[in-house]
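> Handing you this structure, nothing more for now.
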Amino acid sequence: MLNKQQRSDKGAGEVKQSNMAVFKPENVEDFYEIGEVLGSGHFAQVRKVHERATGTYWAGKFLKIRKNACSRLGLDRSRLEEEVDILHAIQHPNIITLKDVFESRAEVVLVLELVTGGELFDFIAEKENLLESEAIEFMEQILKGLGFMHSKNIVHFDLKPENIMLSDRVAPHPNIKLIDFGLAHRFHQGEEYRSSSGTPQYIAPEVIASDPLSTAADMWSIGVITFILLSGLSPFQGDTDDETLRNIIVMNYEFAAQYFSMTSSMAKDFIQKLLPITRTQVAKRNRSSINMKSFKKFNARRKW
Ligand SMILES: COc1cc(-c2ccc3ncc(-c4cccc([C@@H](O)NCCN(C)C)c4)n3n2)ccc1O
């Protein structure tokens with residue numbers, strides 16, 4: 001488990017308590033041989049790593065950590081601590097497993113279960129779209145992992161096909177693994193939580209409106225993912241992020257006959273329950289201009 005160490009720092013006569021997590025200070029290369037790059041993003045790189053003691057292969061997520069609060073280079077350490085806490089709290093067959101955490105001067109390394117089947121995103125892209133029976137198999141596993149997270153009051157907040165990986169894409173029934181808990185949050189009793197982070201195509205209207213968030217935001221993303229699995233189309237995707245966000249606010253989506261003629265009414269009903277068109281949103285869609293005030297405020301805040 002994560003070692004939380006109570007530290008008291010004396011500064012200007014006051015005693016400040018900081019509850020910084022302490023990860024393994026040893027050099028990760030003493031225990032793992034660092035291999036090929038599997039993928040990379042902002043301030044993070046995922047590499048294949050080989051455990052010296054057992055010969056097992058793992059995935060190492062190498063993260064650059066901000067040196068101080070004023071720096072914009074690197075990830076916020078408290079954000080990373082929450083991700084590690086959350087990963088430790090959720091052990092489930094459909095959620096990636098965290099094995100170890102190492103820390104050097106400005107880098108933290110998460111040692112994670114290696115999955116070799118790639119992203120669901122690529123799997124769909126190669127198949128255009130899936131049979132409804134295949135989509136159901138994937139959704140069942142995604143919802144099992146997500147249901148387990150939600151039962152522990154943990155919300156992912158960045159569900160998208162790129163963060164859903166397959167253990168082995170050639171297996172007849174590939175196993176799903178949810179990854180990337182960099183935006184995840186564990187809710188405490190009575191807590192109000194707002195965030196303007198996420199990926200435009202998949203974020204819920206309440207994120208754009210900066211309303212208090214809940215597990216419902218993940219269920220909205222599940223509706224978008226299901227729509228994509230069954231049609232190959234992204235329901236709210238516009239030519240720009242702004243257009244995508246506008247489409248979400250006014251609930252501008254439809255089941256185009258050209259793409260949904262083979263889709264069951266049960267599947268469309270499932271999506272409509274996850275992407276509910278409220279009376280307010282129908283009214284907005286009928287009005288010439290959408291509620292630009294909340295949209296402009298969101299635009300000013302958003303972090304991508
Ligand atoms: C727990 O958080 C993460 C786990 C992983 C992870 C875990 C196990 C694992 N086995 C293989 C891979 C892998 C293979 C190819 C590319 C990538 C990664 O660069 N792209 C993953 C999705 N991306 C949008 C975060 C990751 N991973 N990636 C990636 C990013 C995370 O934020």
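The values are calculated or read from the model by the stated rules, or taken from the named source; none is laboratory data. A quick note: this is a predicted structure, and the numbers were derived from the prediction, not measured. Cβ: placed from backbone, ideal geometry, glycine included. Neighbour counts: every protein chain shown.
> Among the residues in segment 51-68, are any aliphatic (A, V, I, L, M), more than 15 Å from residue 104 (Cα to Cα) and modelled with pLDDT of 80 or more?
Step one: of segment 51-68, the residues aliphatic (A, V, I, L, M) are 53, 59, 63, 65.
Imposing the further condition that a residue be more than 15 Å from residue 104 (Cα to Cα) reduces the set to 53, 59.
From what's left, modelled with pLDDT of 80 or more: 53, 59.
Yes, that holds for at least one residue.
> Can you pull out every residue in segment 138-167 that is within 11 Å of the ligand (Cβ to nearest atom) and in a helix (DSSP H, G or I)? Write out each step before concluding.
Taking segment 138-167 as the starting set, the residues that turn out to be within 11 Å of the ligand (Cβ to nearest atom) are 156, 158, 160-167.
Those that are within 11 Å of the ligand (Cβ to nearest atom) and in a helix (DSSP H, G or I): 161, 162, 163.
> Here is a further query. Taking the condition surrounded by fewer than 16 Cβ atoms within 10 Å (Cβ to Cβ) and either farther than 30 Å from residue 246 by Cα or free of Cβ contacts under 8 Å to residues at least 12 places away in the same chain (or both), does residue 131 pass?
Numbers: surrounded by fewer than 16 Cβ atoms within 10 Å (Cβ to Cβ): yes; either farther than 30 Å from residue 246 by Cα or free of Cβ contacts under 8 Å to residues at least 12 places away in the same chain (or both): yes.
Against the criterion (surrounded by fewer than 16 Cβ atoms within 10 Å (Cβ to Cβ) and either farther than 30 Å from residue 246 by Cα or free of Cβ contacts under 8 Å to residues at least 12 places away in the same chain (or both)), residue 131 qualifies.
> Inspect all residues belonging to segment 168-179 and state whether any of them is within 13 Å of the ligand (Cβ to nearest atom), in a loop (DSSP other than H, G, I, E, B) and small (Gly, Ala, Ser). I'd like the intermediate steps shown before the answer.
If we filter segment 168-179 for residues that are within 13 Å of the ligand (Cβ to nearest atom), which is where we start, we get 168-169, 175-179.
Applying the additional criterion that residues be in a loop (DSSP other than H, G, I, E, B) yields 168-169, 175, 179.
With the extra rule that they be small (Gly, Ala, Ser), the set shrinks to none.
Within segment 168-179, none of the residues are within 13 Å of the ligand (Cβ to nearest atom), in a loop (DSSP other than H, G, I, E, B) and small (Gly, Ala, Ser).
> Is at least one residue of segment 124-147 more than 15 Å from the chain's Cα centre (by Cα), of a type in the set (S, T, N, Q) and modelled with pLDDT under 95?
Looking for residues that are more than 15 Å from the chain's Cα centre (by Cα), of a type in the set (S, T, N, Q) and modelled with pLDDT under 95, one finds at least one in segment 124-147, hence yes.
> Within segment 147-160, does at least one residue satisfy the condition of being touching a Pro at 6+ places or on another chain (Cβ under 8 Å) and on the phi < 0 side of the Ramachandran plot?
no
> Within segment 224-243, which residues are at pLDDT 95 or above, surrounded by 20 or more Cβ atoms within 10 Å (Cβ to Cβ) and not hydrophobic (A, V, I, L, M, F, W, C)?
226, 235
> Also, I was wondering about something else. Among the residues of segment 28-41, which ones are under 21 Å from residue 77 (Cα atoms), at pLDDT below 95 and touching a strand residue (DSSP E or B) at 6+ places or on another chain (Cβ under 8 Å)?
40
> OK, next. Can you tell me which residues in segment 246-272 are aliphatic (A, V, I, L, M) and more than 25 Å from the chain's Cα centre (by Cα)?
Passing the criteria: 256, 257, 262, 266.
> Let me confirm something: among 198, 182, 118, 190, which residue is on the phi > 0 side of the Ramachandran plot and near the ligand (Cβ under 10 Å from one of its atoms)? Spell out the reasoning first.
Values: 198 fails: near the ligand (Cβ under 10 Å from one of its atoms); 182 fails: on the phi > 0 side of the Ramachandran plot; 190 fails: near the ligand (Cβ under 10 Å from one of its atoms).
Selected residue: 118, the only one of 198, 182, 118, 190 that is on the phi > 0 side of the Ramachandran plot and near the ligand (Cβ under 10 Å from one of its atoms).
> A further question on this structure: I'd like to check something: does segment 162-184 contain any residue that is among the β-branched types (Val, Ile, Thr), within 24 Å of residue 273 (Cβ to Cβ) and at pLDDT 95 or above? Reasoning before the result, please.
Taking segment 162-184 and keeping what is among the β-branched types (Val, Ile, Thr), we get 164, 170, 176, 179.
Those still in the list that are within 24 Å of residue 273 (Cβ to Cβ) too: 164, 176.
With at pLDDT 95 or above added as a condition, the list becomes 164, 176.
Among the residues of segment 162-184, at least one is among the β-branched types (Val, Ile, Thr), within 24 Å of residue 273 (Cβ to Cβ) and at pLDDT 95 or above, which makes the answer yes.
> Still on this structure, I have one more. Quick check on segment 110-126. Is at least one of its residues of a type in the set (Val, Ile, Thr), in contact (Cβ under 8 Å) with a residue 40 or more places away in the chain and loosely packed, with under 15 Cβ neighbours inside 10 Å?
yes
> Would you mind listing the strands (runs of 3 or more DSSP E) fully within segment 16-98 where at least 1 residues are more than 10 Å from the ligand (Cβ to nearest atom) and in contact with a Lys or Arg (Cβ under 8 Å, 6 or more places away or on another chain)?
Here the list reads 32-41, 57-64.
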